[in-house]
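What follows is a set of notes on a single structure, which appears directly below.
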Amino acid sequence: MKLTIIIPAFNEEAYLPSTLDSIQTSAAHLRTHSEAEIDIIVVDNNSEDATAAVARSKGATVVPEPVQGIARARNAGAGNANGDVLVFVDADVQLPTALLAEIHTAMSAPACVGGAVDVEYRPKRGFIRFYLRAWRILARLTGMAQGATQFCRKSVFDEMGGYDEKAWIGEDADFFWALKKLARRTGRSTRFIQAPRVQASSRRFDKWPLWKILVWTNPLFIALFRRRKAFWSGWYSRPVR
(Lines give C-alpha, C1' and ligand atoms only; values in the text may rest on other atoms or scores of the structure.)
Protein backbone atom coordinates (compact mmCIF):
# COMPACT_ATOMS: atom_id res chain seq x y z
CA MET A 1 0.00 0.00 0.00
CA LYS A 2 1.21 3.48 -0.85
CA LEU A 3 0.11 6.55 1.10
CA THR A 4 0.28 10.01 -0.44
CA ILE A 5 0.23 12.81 2.13
CA ILE A 6 -1.36 15.99 0.72
CA ILE A 7 -0.81 19.33 2.47
CA PRO A 8 -2.64 22.45 1.21
CA ALA A 9 -0.52 25.48 2.11
CA PHE A 10 -0.94 29.23 1.79
CA ASN A 11 1.90 31.32 3.29
CA GLU A 12 2.81 28.57 5.75
CA GLU A 13 6.61 28.90 5.88
CA ALA A 14 6.50 29.27 9.69
CA TYR A 15 4.35 26.22 10.48
CA LEU A 16 5.14 23.88 7.59
CA PRO A 17 8.61 22.71 8.76
CA SER A 18 7.35 21.21 12.02
CA THR A 19 4.34 19.69 10.23
CA LEU A 20 6.62 17.99 7.70
CA ASP A 21 8.98 16.84 10.45
CA SER A 22 6.11 15.21 12.32
CA ILE A 23 4.93 13.49 9.12
CA GLN A 24 8.41 12.16 8.39
CA THR A 25 8.78 10.86 11.94
CA SER A 26 5.42 9.12 11.69
CA ALA A 27 6.37 7.73 8.26
CA ALA A 28 9.63 6.32 9.63
CA HIS A 29 7.67 4.62 12.42
CA LEU A 30 5.26 3.11 9.89
CA ARG A 31 8.11 1.73 7.80
CA THR A 32 9.43 -0.19 10.80
CA HIS A 33 6.11 -2.06 10.95
CA SER A 34 5.18 -2.53 7.28
CA GLU A 35 6.28 -2.35 3.67
CA ALA A 36 4.21 0.79 3.09
CA GLU A 37 5.42 3.48 0.71
CA ILE A 38 4.89 7.16 1.51
CA ASP A 39 5.28 10.33 -0.49
CA ILE A 40 4.39 13.90 0.39
CA ILE A 41 2.80 16.59 -1.77
CA VAL A 42 2.61 20.21 -0.65
CA VAL A 43 0.14 22.23 -2.69
CA ASP A 44 1.40 25.81 -2.82
CA ASN A 45 -1.87 27.71 -2.95
CA ASN A 46 -0.60 31.05 -4.31
CA SER A 47 1.79 31.70 -1.41
CA GLU A 48 3.77 34.92 -1.24
CA ASP A 49 6.41 33.59 1.17
CA ALA A 50 8.92 30.71 1.12
CA THR A 51 6.33 27.95 1.51
CA ALA A 52 7.40 26.16 -1.68
CA ALA A 53 11.12 26.41 -0.87
CA VAL A 54 10.55 25.06 2.64
CA ALA A 55 8.56 22.13 1.27
CA ARG A 56 11.26 21.23 -1.25
CA SER A 57 13.99 21.51 1.40
CA LYS A 58 12.12 18.89 3.42
CA GLY A 59 11.86 16.50 0.48
CA ALA A 60 8.23 17.14 -0.47
CA THR A 61 6.93 17.45 -4.01
CA VAL A 62 5.46 20.91 -4.63
CA VAL A 63 2.33 21.29 -6.75
CA PRO A 64 1.35 24.91 -7.58
CA GLU A 65 -2.30 25.87 -7.40
CA PRO A 66 -2.69 29.61 -8.12
CA VAL A 67 -6.46 29.78 -7.54
CA GLN A 68 -7.18 30.40 -3.87
CA GLY A 69 -9.25 27.88 -1.91
CA ILE A 70 -8.44 25.00 0.39
CA ALA A 71 -10.84 22.61 -1.34
CA ARG A 72 -9.26 23.42 -4.70
CA ALA A 73 -5.78 22.94 -3.21
CA ARG A 74 -6.69 19.55 -1.77
CA ASN A 75 -8.16 18.48 -5.10
CA ALA A 76 -5.05 19.66 -6.94
CA GLY A 77 -2.91 17.53 -4.66
CA ALA A 78 -5.12 14.50 -5.21
CA GLY A 79 -4.93 15.03 -8.96
CA ASN A 80 -1.15 14.71 -8.78
CA ALA A 81 -1.09 11.78 -6.35
CA ASN A 82 -0.33 8.19 -7.23
CA GLY A 83 -0.85 6.61 -3.81
CA ASP A 84 -3.52 4.01 -3.10
CA VAL A 85 -4.56 6.04 -0.05
CA LEU A 86 -4.72 9.83 0.21
CA VAL A 87 -4.06 11.47 3.57
CA PHE A 88 -4.99 15.14 3.77
CA VAL A 89 -3.13 17.08 6.47
CA ASP A 90 -3.41 20.79 7.22
CA ALA A 91 -0.15 22.73 7.10
CA ASP A 92 -0.24 23.67 10.80
CA VAL A 93 -0.91 20.21 12.25
CA GLN A 94 1.36 17.94 14.28
CA LEU A 95 1.02 14.20 13.64
CA PRO A 96 1.66 11.76 16.50
CA THR A 97 4.37 9.22 15.75
CA ALA A 98 1.97 6.26 15.60
CA LEU A 99 -0.72 7.92 13.47
CA LEU A 100 0.28 6.85 9.95
CA ALA A 101 0.61 3.28 11.20
CA GLU A 102 -2.92 3.56 12.59
CA ILE A 103 -4.21 4.87 9.26
CA HIS A 104 -2.38 2.09 7.43
CA THR A 105 -4.01 -0.49 9.70
CA ALA A 106 -7.46 1.03 9.12
CA MET A 107 -7.02 1.05 5.35
CA SER A 108 -5.70 -2.50 5.31
CA ALA A 109 -9.30 -3.58 5.87
CA PRO A 110 -10.75 -3.93 2.35
CA ALA A 111 -14.17 -2.65 3.45
CA CYS A 112 -12.84 0.65 4.81
CA VAL A 113 -13.22 3.52 2.34
CA GLY A 114 -11.53 6.15 4.51
CA GLY A 115 -11.99 8.24 7.60
CA ALA A 116 -10.73 11.08 9.74
CA VAL A 117 -8.63 11.73 12.84
CA ASP A 118 -9.76 13.47 16.01
CA VAL A 119 -8.24 16.92 16.57
CA GLU A 120 -6.80 18.49 19.70
CA TYR A 121 -6.46 22.26 20.20
CA ARG A 122 -4.59 23.89 23.06
CA PRO A 123 -5.83 27.50 23.21
CA LYS A 124 -4.55 29.80 25.93
CA ARG A 125 -7.92 31.16 27.06
CA GLY A 126 -10.02 29.02 29.39
CA PHE A 127 -13.35 30.03 27.87
CA ILE A 128 -12.17 29.02 24.42
CA ARG A 129 -11.10 25.62 25.75
CA PHE A 130 -14.62 25.18 27.14
CA TYR A 131 -16.14 26.39 23.85
CA LEU A 132 -14.10 23.90 21.83
CA ARG A 133 -15.18 21.07 24.12
CA ALA A 134 -18.77 22.02 23.32
CA TRP A 135 -17.91 21.85 19.62
CA ARG A 136 -16.50 18.34 20.17
CA ILE A 137 -19.83 17.27 21.64
CA LEU A 138 -21.69 18.75 18.67
CA ALA A 139 -19.34 16.95 16.28
CA ARG A 140 -19.97 13.62 18.00
CA LEU A 141 -23.74 14.12 17.86
CA THR A 142 -23.75 15.05 14.17
CA GLY A 143 -21.07 12.63 12.98
CA MET A 144 -18.88 15.52 11.85
CA ALA A 145 -15.12 15.34 11.40
CA GLN A 146 -12.75 18.23 10.67
CA GLY A 147 -10.28 18.22 7.82
CA ALA A 148 -7.13 18.69 9.88
CA THR A 149 -6.41 15.07 8.95
CA GLN A 150 -8.69 13.03 6.71
CA PHE A 151 -7.95 10.00 4.56
CA CYS A 152 -9.56 7.83 1.90
CA ARG A 153 -8.79 5.50 -0.96
CA LYS A 154 -7.78 7.28 -4.16
CA SER A 155 -10.43 5.36 -6.09
CA VAL A 156 -13.11 6.50 -3.64
CA PHE A 157 -11.92 10.12 -3.81
CA ASP A 158 -12.21 10.03 -7.60
CA GLU A 159 -15.65 8.43 -7.38
CA MET A 160 -16.88 11.17 -5.02
CA GLY A 161 -15.41 13.98 -7.09
CA GLY A 162 -13.20 15.30 -4.30
CA TYR A 163 -13.87 18.31 -2.09
CA ASP A 164 -16.56 20.86 -2.96
CA GLU A 165 -14.69 23.82 -4.45
CA LYS A 166 -17.72 26.10 -4.13
CA ALA A 167 -17.52 25.99 -0.33
CA TRP A 168 -15.01 28.33 1.32
CA ILE A 169 -15.39 26.67 4.71
CA GLY A 170 -16.94 23.42 5.89
CA GLU A 171 -15.89 21.47 2.81
CA ASP A 172 -14.11 19.03 5.12
CA ALA A 173 -17.27 18.23 7.09
CA ASP A 174 -19.17 17.78 3.81
CA PHE A 175 -16.51 15.41 2.54
CA PHE A 176 -16.62 13.21 5.63
CA TRP A 177 -20.42 13.06 5.62
CA ALA A 178 -20.35 12.11 1.93
CA LEU A 179 -17.72 9.46 2.66
CA LYS A 180 -19.94 7.93 5.34
CA LYS A 181 -22.96 8.05 3.04
CA LEU A 182 -21.03 6.25 0.31
CA ALA A 183 -19.87 3.60 2.77
CA ARG A 184 -23.44 2.94 3.97
CA ARG A 185 -24.78 2.79 0.43
CA THR A 186 -22.16 0.28 -0.69
CA GLY A 187 -22.03 -1.85 2.46
CA ARG A 188 -18.58 -0.63 3.44
CA SER A 189 -17.25 1.32 6.42
CA THR A 190 -15.38 4.42 7.58
CA ARG A 191 -13.00 4.86 10.50
CA PHE A 192 -12.81 7.76 12.93
CA ILE A 193 -9.50 7.57 14.80
CA GLN A 194 -9.97 8.95 18.31
CA ALA A 195 -6.44 8.10 19.45
CA PRO A 196 -3.84 9.18 18.76
CA ARG A 197 -5.21 12.64 17.96
CA VAL A 198 -3.48 15.25 15.81
CA GLN A 199 -2.62 18.59 17.39
CA ALA A 200 -3.74 21.61 15.35
CA SER A 201 -2.52 25.15 15.74
CA SER A 202 -4.63 27.35 18.02
CA ARG A 203 -3.42 30.58 16.39
CA ARG A 204 -6.87 31.84 15.46
CA PHE A 205 -8.30 31.04 18.87
CA ASP A 206 -5.39 32.78 20.58
CA LYS A 207 -5.23 35.90 18.40
CA TRP A 208 -8.80 36.58 17.31
CA PRO A 209 -11.13 38.61 19.56
CA LEU A 210 -13.82 36.55 21.24
CA TRP A 211 -16.66 38.03 19.17
CA LYS A 212 -14.97 37.00 15.94
CA ILE A 213 -14.49 33.43 17.11
CA LEU A 214 -18.12 33.15 18.20
CA VAL A 215 -19.40 34.58 14.90
CA TRP A 216 -17.13 32.79 12.42
CA THR A 217 -17.45 29.40 14.10
CA ASN A 218 -21.21 29.70 14.60
CA PRO A 219 -22.91 26.79 12.76
CA LEU A 220 -25.74 29.02 11.49
CA PHE A 221 -23.33 31.67 10.19
CA ILE A 222 -21.29 28.99 8.45
CA ALA A 223 -24.39 27.41 6.90
CA LEU A 224 -25.63 30.76 5.57
CA PHE A 225 -22.39 32.21 4.21
CA ARG A 226 -19.93 29.37 3.60
CA ARG A 227 -20.20 29.73 -0.19
CA ARG A 228 -19.46 33.47 -0.15
CA LYS A 229 -15.73 34.11 -0.08
CA ALA A 230 -16.04 37.72 1.09
CA PHE A 231 -17.05 36.53 4.56
CA TRP A 232 -13.88 34.48 5.08
CA SER A 233 -11.08 37.03 4.84
CA GLY A 234 -9.56 35.58 8.03
CA TRP A 235 -8.89 32.37 6.13
CA TYR A 236 -8.01 33.74 2.71
CA SER A 237 -7.27 37.48 2.56
CA ARG A 238 -6.01 38.25 6.09
CA PRO A 239 -5.17 34.92 7.71
CA VAL A 240 -3.59 34.80 11.16
CA ARG A 241 0.09 33.87 11.10
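The values are calculated or read from the model by the stated rules, or taken from the named source; none is laboratory data. This one's a predicted model, so the numbers in the text were calculated from it and none came from an experiment. No Cβ is skipped: glycine too gets one built from the backbone with ideal geometry, and neighbour counts run over all protein chains shown. Surface areas here come from the heavy atoms of the whole protein model, side chains and all, with no ligands, DNA or RNA. Shrake-Rupley method; radii C 1.70, N 1.55, O 1.52, S 1.80 Å.
Within a straight-line Cα-Cα reach of under 15 Å, Lys124 can be paired with the following aspartates and glutamates, leaving aside sequence neighbours fewer than 8 residues apart in one chain: Asp206. Between Asp49 and His29, the modelled labels are 2.7 nm apart [label points 7 Å from Cα along Cα→Cβ]. Which residue fluctuates the most in the chain, going by a Gaussian network model with Cα springs under 10 Å, if the choices are Pro123, Pro96, Pro219? Result for the chain, Cα springs under 10 Å: Pro219 fluctuates most.
Assuming 0.36 nm per residue, please report the length gained on full extension of the stretch Leu220 to Leu141 beyond their Cα-Cα distance. Using 0.36 nm per residue and subtracting the Cα-Cα distance, I get 26.8 nm.
Magnitude of the charge dipole for the range 1-145, about its Cα centre and with charges confined to Cβ atoms of Lys, Arg (+1) and Asp, Glu (-1), is about 660 debye. The helix-only estimate of mean residue ellipticity at 222 nm for the chain, built from DSSP H runs of length n ≥ 4 each weighted as -39500 (n - 2.57), is -12000 deg cm²/dmol after division by the residue total.
Comparing Phe176, Phe127, Phe88 in a Gaussian network model of the chain where C-alpha atoms under 10 Å apart are linked, the largest mean-square fluctuation is found at Phe127. Checking [x] 1.02; [y] 0.96; [z] 0.94 against Rg/Rh (Cα atoms, Kirkwood Rh) calculated from these atoms, the matching label is [z]. Checking the cross-link pairs Lys166/Lys207; Lys58/Lys207; Lys2/Lys58 against a 21 Å limit on the alpha carbon distance flags Lys166/Lys207; Lys58/Lys207 as lying beyond it. Between Lys58 and Thr97, the contour length at 0.36 nm per residue exceeds the alpha carbon distance by 12.3 nm.
State in Å² the accessible area per residue of the range 101-241; use a 1.4 Å probe, count heavy atoms of protein chains only, and round to the nearest integer.
Computed with neighbouring chains in place, this is 52 Å² per residue.
Ordering Ser202, Val113, Pro64 by Cα displacement along the dipole of the chain toward the positive end leaves Ser202 in first place; charges were set at the Cβ atoms of Lys, Arg (+1) and Asp, Glu (-1).
Which whole-number percentage describes the relative contact order of the chain, with Cα contacts under 8 Å and a sequence gap of 6 or more?
Numbers: 435 pairs, mean separation 53.3, N = 241.
This gives 22 percent for the chain.
With an 8 Å cut-off on Cα pairs and a minimum separation of 6 or more residues, tell me the relative contact order of the range 168-241 in percent. Display every interim value, and only then the final one.
Working: 28 pairs, mean separation 31.5, N = 74.
It comes to 43 percent, rounded to a whole number.
Computed over the range 30-167, relative contact order equals 28 percent, with contacts defined as Cα pairs under 8 Å that lie 6+ residues apart.
What percentage of the solvent-accessible surface of the range 44-151, computed with a 1.4 Å probe over protein heavy atoms, is contributed by carbon and sulfur atoms? Don't jump to the answer; show the numbers that get you there.
Details: 2520 of 4620 Å².
Whole-percent figure for carbon plus sulfur exposure: 54.
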